[in-house]
Amino acid sequence: MELTEFGFGGVTLMDGERVAFAINMADSAGRPSSRRPEALLLTDSRIIHLSGGEKQRRAVMAAVKDVEAVEITASRQGYSAYLWAALAVVLSIVMFGTIENTGVKLASSAIVLLMGVYLVVSQVTEPGNPMVVFRAGGSEIQWEFDSGENSEDVNSFINRLYQIKESSVNHSGAPASFAPR
């Protein structure tokens with residue numbers, strides 16, 4: 001089965017494998033709804049995270065049976081906004097010291113300084129995007145999602161994952177629980 005309906009032509013599943021649940025960022029015609037296409041697929045044996053265009057495609061896969069934990073968390077923004085804010089402060093000081101005209105000196109320095117302040121305030125006050133992390137062995141699959149649109153889909157995806165995992169354990173011949181002798 002080819003995954004063109006999810007916006008990823010040229011990517012195929014194994015023989016007999018079928019998609020049990022999908023969260024994708026493509027419209028019904030298979031065209032990416034954003035400039036960076038992305039899909040999170042659950043098959044009867046794997047979790048597949050596909051992202052990027054044809055030239056920069058990235059695929060991360062993990063076996064359902066190997067999934068040990070699932071975490072929903074907020075993604076961390078990093079420190080780049082603080083570095084840009086520090087650069088804005090330095091630049092405003094340099095502008096204040098080098099520009100001759102008093103009005104232009106004050107206005108330009110204040111604008112650059114306010115941009116730095118805005119970066120710090122937005123970094124502190126805005127929460128990160130929600131993200132789901134699937135841990136399987138030593139690897140993990142991370143997928144950022146929109147909290148309003150996809151949170152219910154993510155919960156359904158996780159529930160379906162554990163249903164598939166549970167049914168594969170029960171059908172593999174392994175006992176569902178330990179019985180002491």
Residue by residue, what Karplus-based ³J(HN,Hα) values in Hz, rounded to whole numbers, does region 119-125 have, using 6.51, -1.76 and 1.60 with θ = phi - 60° and x for Gly and Pro?
4, 5, 4, 5, 5, 6, 8
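Go through region 59-154 and name the GluC sites (Glu not before Pro) that are in a DSSP coil and have 13 or fewer other Cβ atoms within 10 Å of their Cβ. Spell out each step's value before the answer.
Numbers: sites: GLU68, GLU71, GLU100, GLU140, GLU144, GLU149, GLU152; in loops: GLU100.
Loop-located and lightly packed - GLU100.
Given a Förster distance of 30 angstrom, what is the FRET efficiency for LYS55 paired with TYR79, based on the Cβ-Cβ distance and rounded to 0.05?
Values: r = 30 Å, r/R0 = 0.99.
Efficiency for this residue pair is about 0.50.
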List the residues whose amide H sits under 5 Å from the amide H of THR43, counting only those 5 or more places along or on another chain, with H placed 1.01 Å from N in the peptide plane.
ALA20, ILE48
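Hey, got a sec? Which chymotrypsin sites (Phe, Trp or Tyr not before Pro) in region 76-136 land in a DSSP loop and have at most 13 other Cβ atoms within 10 Å?
Details: sites: TYR79, TYR82, TRP84, PHE96, TYR118, PHE134; in loops: TYR79.
Taking region 76-136 and a limit of 13 other Cβ atoms within 10 Å, the loop chymotrypsin sites (Phe, Trp or Tyr not before Pro) found are TYR79.
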Please give every one of the lysines within straight-line cross-link reach of LYS65, meaning a C-alpha to C-alpha distance under 16 Å, and leave out same-chain neighbours fewer than 8 residues apart.
LYS165
Once ligands and nucleic acids are excluded and a 1.4 Å probe is used, how much of LYS165 is accessible, expressed in Å² to the nearest 10?
40 Å²
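What translational D, rounded to a whole number of µm²/s, comes out for region 60-169 from Stokes-Einstein when the hydrodynamic radius is the Kirkwood one over Cα pairs, at 4 °C and 1.567 mPa s? All intermediate terms of the calculation are to be shown ahead of the outcome.
Numbers: Rh = 17.5 Å.
Estimated via Stokes-Einstein, D reaches 74 µm²/s.
The values are calculated or read from the model by the stated rules, or taken from the named source; none is laboratory data. From a predicted model like this one, the values you see are computed outputs, not experimental measurements. Cβ atoms come from the backbone with ideal geometry, glycine included; neighbour counts cover every protein chain shown. Keep in mind that these areas ignore ligands, DNA and RNA; they rest on the heavy atoms of the full protein, side chains included. Shrake-Rupley method; radii C 1.70, N 1.55, O 1.52, S 1.80 Å.
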